[in-house]
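Here is the structure we will look at.
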Amino acid sequence: MKILLLEDNASLCDVIKDVLSQHGYDVRVFNDGEQALEELNKGYHCFIIDINVPSLDGISILESIRLFNKEVPVIIISSNHDLEKIQTSYEIGCNDYLKKPFFIYELVHKIKKLCHIKASTVELWKGYGL
């Protein structure tokens with residue numbers, strides 16, 4: 001199973017990638033929103049997205065995913081505990097929201113529960129300007 005992880009904290013990225021790899025997941029790591037945006041259409045089963053990342057925030061990435069694919073699971077991980085950001089994330093279509101700090105077991109459990117679908121390609125319309 002192929003997972004896109006967008007997280008700008010290098011040590012947290014390493015922990016998440018190592019643990020998920022031990023569970024058999026193929027994790028592709030990005031620390032910049034623009035880089036992640038370019039990779040959305042590479043057939044991921046699941047997206048794990050931090051909100052506060054350089055160049056393009058996670059909410060914008062979530063909007064791009066949902067604009068073209070309503071089914072692929074998206075889990076937001078964020079130290080942002082602002083109720084408005086949490087509500088916005090759910091309204092746009094995240095499947096779950098984990099507040100940092102969290103137990104890695106929580107993330108693994110949510111992935112096992114949500115990410116059991118076939119690989120999804122996010123079809124980006126070329127005229128959209130992405």
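Table for the structure above
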| read-out | value |
| --- | --- |
| Where a label projected 7 Å from the Cα of Lys100 along Cα→Cβ would reach, residues of the stretch 24-41 with amide N under 15 Å | 30-33 |
| Diffusion coefficient, µm² s⁻¹, Stokes-Einstein with Kirkwood Rh over alpha-carbon pairs of the chain at 10 °C and 1.306 mPa s | 110 |
| The stretch 53-109: radius of gyration over Cα atoms, expressed as a fraction of 2.2 N^0.38 Å | 1.12 |
| Candidates Lys113, Lys42, Lys99: whichever shows maximal mean-square fluctuation once the chain is modelled as a Gaussian network with Cα springs under 10 Å | Lys113 |
| Normalised contact order of the chain, rounded percent, pairs of Cα under 8 Å and 6 or more residues apart | 26 |
| Distance (nanometres) between label positions extended 7 Å along Cα→Cβ at Glu63 and Asp82 | 1.4 |
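Any read-out appearing in this document is the output of simple, stated calculations on the displayed coordinates, not a laboratory observation. All values reported here derive from a predicted model rather than from experimental measurement. Glycine gets a Cβ as well: all are built from the backbone with ideal geometry, and neighbour counts include every protein chain shown.
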